[in-house]
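Here's the structure, in structure tokens; my notes come after.
The values are calculated or read from the model by the stated rules, or taken from the named source; none is laboratory data. In this text, all values refer to a predicted model and were calculated from it rather than measured experimentally. No Cβ is skipped: glycine too gets one built from the backbone with ideal geometry, and neighbour counts run over all protein chains shown. Only protein heavy atoms, including side chains, enter the accessible area calculation; ligands, DNA and RNA are left aside. Shrake-Rupley method; radii C 1.70, N 1.55, O 1.52, S 1.80 Å.
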Amino acid sequence: MTAMKTSRLSWGAAALLLMLPPADTGAQTAPSATPSTVDYSRAESWLCRPGRNDACAIDLSTTVVRADGSTSIEMWNGSSPPPIDCFYVYPTVSTDPGANSDMTPNEAELRVVAQQFARFGSVCRTFAPSYRQVTLAGLRTALGGGGVPDLGTGMAYDDVRAAFRHYLANDNDGRGFVLIGHSQGSFILTSLIRNEIEGRPEQSRMVSALLLGATVTVASGRDTGGSFRSIPLCRSATQTGCVVTFVSFRATAPPPDNTLFGRASEPGEVAACTNPAALGGGSAQLHAYLSGSGTTIVGGRPAPEWVAGGPTVETPFVSVPGLLTAECATNDHATYLEVTVSGDPSDPRIDDIGGDLTPQWGLHLVDVNVAMGNLVDIVRQQGAAWGRR
């Protein structure tokens, strides 16, 4: 990928994420002096590591709300021992006042780990480094001065690279690994794959990469080219060494002409889309894990009530089988994951899953939530397939 292309993709993520409301984390204090490097041998440099009581060791219980309005509770159980590892880089959520965040996680970082990553602990050991990401304030300052921050380089990238190198040297021990990112996290991981993995021995251990909420490109008519030279898109859940990627929009609100996702900037390339519910193509049901009533989704939005006049959802998450279907689609402006919400009038569940802001956003706030169950299942199957190798 050229430098110009990376810059344009970063602009898309920055423009969207500037619109995220800050989480209410209380009064901010002035950041301390920024160290030149982060020591990832220190336990506090990680949000998640195996065997700890940390950001991934949380209540993931889920209320299953069926089409007739009846409910049941689904408890979460981890895998022991997990066959592979997952390495996660979270999106732009920091409300710290500087251009880059400090290394002290606040409520926003903890919340996004709960929403996007902790559930993968059922299929892999979880590694999630803290990193000095470009903050919401940093994006506002850069864009206000006419600059376009490149979310795939700089301090944030250097931190993630250092964390990944530390993981490989001290924790991996030849195990397969899955890279998982959303938005800024996906831009960073795209750069990491190009610079540290593709064409190197580490590529043989990459089970897959889930690069969500960011535009990954391929050569037109192919599953490679564009963002990566040789790493293909995943077309089945037993394929390994491949990429799962999508940006999601409602079927009733497809990408507009000024969309910020799903469009390639280089001639001969197109945005990639792999449907997590049907990697081989076509339409299929999404297995979503959305925020339960009274909790908040990524971006600080309150979760809705799920059944009008029905029982209160008291668990952190809710699952709504049969409510959502998805298919990769292309219109005049973008290639994207088209999410359809059932409009069956006999279904007492609400039809509003949240995640919308402006048309350019699509369902960016819930990209990961709407397909969480599918993504976990993909990683489960890929891990088994990698082990059989």
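Which residues, taken from region 282-315, are among the small types (Gly, Ala, Ser) and at pLDDT below 95?
At the first step, the residues of region 282-315 found to be among the small types (Gly, Ala, Ser) are 282-284, 288, 291-294, 299-300, 303, 308-310.
Residues satisfying the conditions are 291, 292, 293, 294, 299, 300, 303, 308, 309, 310.
If I ask for residues that are within 18 Å of residue 372 (Cβ to Cβ) and polar (S, T, N, Q), which ones from region 101-133 would you list?
115, 116, 122, 126, listed by residue number.
Mind checking which residues of region 232-252 are small (Gly, Ala, Ser), open to solvent by less than 10 Å² (accessible area, probe 1.4 Å) and assigned to a loop (DSSP other than H, G, I, E, B)?
Quick first cut of region 232-252, residues small (Gly, Ala, Ser) only: 236-237, 241, 248, 251.
Narrowing the set further to residues that are open to solvent by less than 10 Å² (accessible area, probe 1.4 Å) leaves 248.
Matches in region 232-252: none.
Going by the conditions given, is residue 214 in contact with a Phe, Trp or Tyr (Cβ under 9 Å, 6 or more places away or on another chain), in a loop (DSSP other than H, G, I, E, B) and open to solvent by less than 10 Å² (accessible area, probe 1.4 Å)? If you could, list the steps in order and put the result at the bottom.
On the way: in contact with a Phe, Trp or Tyr (Cβ under 9 Å, 6 or more places away or on another chain): yes; in a loop (DSSP other than H, G, I, E, B): yes; open to solvent by less than 10 Å² (accessible area, probe 1.4 Å): yes.
Taking the combined requirement at face value, the residue satisfies it.
With respect to residue 195, determine if the residue is in contact with a Ser or Thr (Cβ under 8 Å, 6 or more places away or on another chain), surrounded by fewer than 24 Cβ atoms within 10 Å (Cβ to Cβ) and part of a helix (DSSP H, G or I).
Numbers: in contact with a Ser or Thr (Cβ under 8 Å, 6 or more places away or on another chain): no; surrounded by fewer than 24 Cβ atoms within 10 Å (Cβ to Cβ): yes; part of a helix (DSSP H, G or I): yes.
It is false that residue 195 is in contact with a Ser or Thr (Cβ under 8 Å, 6 or more places away or on another chain), surrounded by fewer than 24 Cβ atoms within 10 Å (Cβ to Cβ) and part of a helix (DSSP H, G or I).
Looking for something open to solvent by 10 Å² or more (accessible area, probe 1.4 Å), at pLDDT 90 or above, polar (S, T, N, Q) and part of a loop (DSSP other than H, G, I, E, B) - is there at least one such residue anywhere in region 332-340?
Looking for residues that are open to solvent by 10 Å² or more (accessible area, probe 1.4 Å), at pLDDT 90 or above, polar (S, T, N, Q) and part of a loop (DSSP other than H, G, I, E, B), one finds none in region 332-340, hence no.
Of the conditions (1) touching a strand residue (DSSP E or B) at 6+ places or on another chain (Cβ under 9 Å); (2) in contact (Cβ under 8 Å) with a residue 40 or more places away in the chain, residue 103 clears all except one; give me its number.
Unmet for residue 103, out of (1) touching a strand residue (DSSP E or B) at 6+ places or on another chain (Cβ under 9 Å); (2) in contact (Cβ under 8 Å) with a residue 40 or more places away in the chain: (1).
Look through 132, 175, 140 and report the one residue that is among the basic types (Lys, Arg) and touching a helix residue (DSSP H, G or I) at 6+ places or on another chain (Cβ under 6 Å). Walk me through how you get there before you give the answer.
Values: 175 fails: touching a helix residue (DSSP H, G or I) at 6+ places or on another chain (Cβ under 6 Å); 140 fails: touching a helix residue (DSSP H, G or I) at 6+ places or on another chain (Cβ under 6 Å).
Going through 132, 175, 140 in turn, just one is among the basic types (Lys, Arg) and touching a helix residue (DSSP H, G or I) at 6+ places or on another chain (Cβ under 6 Å): 132.
Is it the case that some residue within region 146-162 is open to solvent by 10 Å² or more (accessible area, probe 1.4 Å), at pLDDT below 95, assigned to a helix (DSSP H, G or I) and out of contact with any helix residue (DSSP H, G or I) (no Cβ under 7 Å at 6 or more places or on another chain)? Walk me through it before giving the result.
The initial filter retains those residues of region 146-162 that are open to solvent by 10 Å² or more (accessible area, probe 1.4 Å), namely 146-150, 153-155, 157-158, 161-162.
Applying the additional criterion that residues be at pLDDT below 95 yields 146-150, 153-155.
This time we only want the ones that are assigned to a helix (DSSP H, G or I), so: 154-155.
Among the residues that remain, those that are also out of contact with any helix residue (DSSP H, G or I) (no Cβ under 7 Å at 6 or more places or on another chain) are: 154-155.
Checked region 146-162: at least one residue is open to solvent by 10 Å² or more (accessible area, probe 1.4 Å), at pLDDT below 95, assigned to a helix (DSSP H, G or I) and out of contact with any helix residue (DSSP H, G or I) (no Cβ under 7 Å at 6 or more places or on another chain).
Looking at the structure I just gave you, is residue 275 part of a loop (DSSP other than H, G, I, E, B) and open to solvent by less than 10 Å² (accessible area, probe 1.4 Å)? Before you say what the answer is, go through the steps one by one.
Numbers: part of a loop (DSSP other than H, G, I, E, B): yes; open to solvent by less than 10 Å² (accessible area, probe 1.4 Å): yes.
Criteria met by residue 275.
Among the numbered criteria (1) under 21 Å from the mean Cα position of the chain (by Cα); (2) among the small types (Gly, Ala, Ser); (3) surrounded by fewer than 24 Cβ atoms within 10 Å (Cβ to Cβ), which single criterion is violated by residue 70?
With respect to (1) under 21 Å from the mean Cα position of the chain (by Cα); (2) among the small types (Gly, Ala, Ser); (3) surrounded by fewer than 24 Cβ atoms within 10 Å (Cβ to Cβ), residue 70 is out only on (1).
Kindly establish whether residue 127 is in a strand (DSSP E or B) and touching a Leu at 6+ places or on another chain (Cβ under 7 Å). Before the answer, list the steps.
Details: in a strand (DSSP E or B): yes; touching a Leu at 6+ places or on another chain (Cβ under 7 Å): no.
Considered against the rule, which asks whether it is in a strand (DSSP E or B) and touching a Leu at 6+ places or on another chain (Cβ under 7 Å), residue 127 comes out as no.
Determine whether region 351-361 contains at least one residue that is without any contact (Cβ under 8 Å) to a residue 40 or more places away in the chain and open to solvent by 30 Å² or more (accessible area, probe 1.4 Å). Talk me through it step by step, then tell me what you get.
Start the filter on region 351-361 by keeping residues that are without any contact (Cβ under 8 Å) to a residue 40 or more places away in the chain, which leaves 351.
Okay, now just the ones that are also open to solvent by 30 Å² or more (accessible area, probe 1.4 Å), so 351.
Scanning region 351-361 turns up at least one residue that is without any contact (Cβ under 8 Å) to a residue 40 or more places away in the chain and open to solvent by 30 Å² or more (accessible area, probe 1.4 Å).
Open to solvent by less than 10 Å² (accessible area, probe 1.4 Å), within 30 Å of residue 320 (Cβ to Cβ) and in contact with a strand residue (DSSP E or B) (Cβ under 7 Å, 6 or more places away or on another chain), is that true of residue 133? Break it down into steps so the answer makes sense when it comes.
Details: open to solvent by less than 10 Å² (accessible area, probe 1.4 Å): yes; within 30 Å of residue 320 (Cβ to Cβ): no; in contact with a strand residue (DSSP E or B) (Cβ under 7 Å, 6 or more places away or on another chain): yes.
So residue 133 fails the test.
When region 167-186 is examined, which residues are found to be open to solvent by less than 40 Å² (accessible area, probe 1.4 Å), modelled with pLDDT of 95 or more and either part of a helix (DSSP H, G or I) or of a type in the set (Gly, Ala, Ser) (or both)?
Here is the first cut: in region 167-186, the residues open to solvent by less than 40 Å² (accessible area, probe 1.4 Å) are 167-168, 171-172, 176-186.
Pick out the ones that are also modelled with pLDDT of 95 or more and you get 167-168, 171-172, 176-182, 185-186.
Hits for region 167-186 are 167, 168, 171, 172, 176, 181, 185, 186.
Any chance you could count how many residues in region 99-126 are farther than 20 Å from residue 288 by Cα, surrounded by fewer than 24 Cβ atoms within 10 Å (Cβ to Cβ) and in contact with a helix residue (DSSP H, G or I) (Cβ under 7 Å, 6 or more places away or on another chain)?
Number of matching residues: 3.
Is there any pair linking a residue in region 238-258 that is modelled with pLDDT of 95 or more to one that is part of a loop (DSSP other than H, G, I, E, B) and acidic (Asp, Glu), with Cβ under 7 Å and at least six apart or on different chains, and which?
Matching pairs, first to second residue: 247/367; 248/367.
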